[in-house]
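Everything on this sheet refers to the single structure shown next.
Just so you know, all these numbers are worked out from the coordinates, no wet-lab data involved. Keep in mind that what you see is a predicted model, and the values were worked out from it rather than measured. For neighbour counting, all protein chains shown are included, and Cβ atoms are generated from backbone atoms with ideal geometry for every residue, glycine included.
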Amino acid sequence: MSAADPAAALTEAKRTARVRAHALRAGCDPAVGTALAEVVLREAPPPAGAVVAGFWPIGQEIDLRPLLHALHTQGHPIVLPVTPPRRRDGQEPDRRLRFRRWQPGAVLRREAFGTVAPDGPDLTPTFLLVPLLAFDRAGNRLGYGGGYYDCTLAALPGAITLGCAYAVQEMERVPAGPGDVRLPAIATERGLVRVAGMAPPS
């Protein structure tokens, strides 16, 4: 790889960081999502009436379901993301996520990349709980590599965003490029990490 190719260098740095992030997360207990829920409700609750986008845990992702149930009880409409299908004509797909209304007890169907989604109506979220593989104190987020959340957040500039992760997923520096959207705060089971110079998440 040539040192003169910054895009290739960034791609390789992210690949290396993802390997490390997966290893850090491997021993985590998703059940600490209950503690994360307490942190969000205490330190960064969504504004009244906010449509909240959550995510269903995949593998070792921290479990947001206690938080989603609590927010539903408080009267917030809850939505889950739907990944757009891959195009068959070879053209670049629209990577913006859609969001469908979820309620406790809703039937979930299997979607792309191991995700699940309800059959409820589409709603536009105003407060997004964002999954990630790693984060740093500058608000940089390392995702899974598809670019879906970066494209989605860029298309929702007025929405409030809050990363959700285990505390051990923090890195000293996450490799990031100009198309990577920073987060103003990240909630973990140990507390809220606020990013200096960015608006708070509520």
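Summary table below
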{"read-out": "Ordering of 5-13, 25-33 by packing [mean C-beta count within 10 Å, highest first]", "value": "25-33, 5-13"}
{"read-out": "Mean Cβ neighbour count within 10 Å, used as a protection proxy, ranking 122-130, 146-154 highest first", "value": "122-130, 146-154"}
{"read-out": "Net charge dipole size for the stretch 6-194 [Lys, Arg +1 and Asp, Glu -1 on Cβ; Debye, nearest 20]", "value": "260 debye"}
{"read-out": "Segments 132-140, 166-174 sorted - mean Cβ within 10 Å per residue, highest first", "value": "132-140, 166-174"}
{"read-out": "Spin-label model distance (nm) - Tyr144 vs His72, 7 Å beyond Cα toward Cβ", "value": "2.1 nm"}
{"read-out": "Amide H within-cut-off set for Val82, under 5 Å, with H built and near neighbours excluded", "value": "Arg98, Phe99, Arg100"}
{"read-out": "Theoretical gain in end-to-end length, Val116 to Asp29 [0.36 nm per residue, Cα-Cα removed]", "value": "29.3 nm"}
{"read-out": "Antiparallel bridges, percent of DSSP beta bridges restricted to the stretch 6-194 (to nearest 5)", "value": "60 percent"}
{"read-out": "Kyte-Doolittle mean at least -0.5, axial Cα span of 27 Å or more - DSSP H helices of the chain", "value": "6-25"}
